[in-house]
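Colleague: Got a structure here, written out as structure tokens. Questions coming.
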Amino acid sequence: TPIEILYIGGTLVACDAKTPTVWALDAASGKLLWSHEACPPVTGMVAGDGGVYFYEGGQDFLAGNHISLNRKAGGPRAIVRLDLATGKPVWRLAEADHPWAKNGRRLSYHRGFLMCELSRFTNVPTGNAIQCIAADTGKELWSREFAPHMNHRSQARALHIGSVLWIS
């Protein structure tokens, strides 16, 4: 059962909760185009500019009083870009070089920018931020930290509306 699934330009890209494999299928024929073994768990999958982006590794996060899926970490957290046509890795931002990646929960893509939504889900005010990455190179462009308004359920959010980026 897919837990992450995208449809882009006639291609289905998916992975499930039990395996770390990311698959690309021709949407019309169902033919396997490529597969990529990622570090489990794979979350936050988005696509754009000929790439597929996702978080890999790290532990599933606490959300309130439960763990989201309770999948075991296969390694440290990282953000990965695969080439949509071939499945080959283009770049990888590892937690060792980018400590903020461990708090990554969601990704969004818009007009060449990858927004990493970083949320700790605790009452500690640090560690919640939006990190902006150049989608083509993986270069860090800017970040903005913020303190949750009232409680640990407050999360970093990046909303794209036309040419405007709203951050909350």
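Colleague: Give the Cα extents of region 1-47 along the principal axes, in whole Å, largest first.
Modeller: 28, 17, 17
Colleague: Let me ask something else. Subtracting the Cα-Cα distance from 0.36 nm times the residue separation, let me have the gained length for residue 140 to residue 160 in nm, one decimal.
Modeller: Extending this stretch completely gives an extra 5.3 nm.
Colleague: If I stretch the segment between residue 83 and residue 111 completely, what's the gain in nm (0.36 nm per residue apart, minus their alpha carbon distance), one decimal?
Modeller: 8.4 nm
Colleague: Apply 1/(1 + (r/R0)^6) to the Cβ-Cβ distance of residue 126 and residue 28, taking R0 = 35 Å, and write down the FRET efficiency to the nearest 0.05.
Modeller: 0.15
Colleague: Return the aspartates and glutamates within reach of residue 18: Cα separation strictly under 18 angstrom, same-chain partners fewer than 8 residues apart disregarded; answer none if there are no such residues.
Modeller: Excluding near neighbours in sequence, the set is 4, 37, 56, 60.
Laboratory data are not the source of any read-out in this text; all were calculated from the coordinates shown. Since this is a predicted model, take the numbers as computed values, not measurements. Quick reminder, even Gly has a Cβ in these numbers, built from the backbone with ideal geometry, and neighbours come from all protein chains shown.
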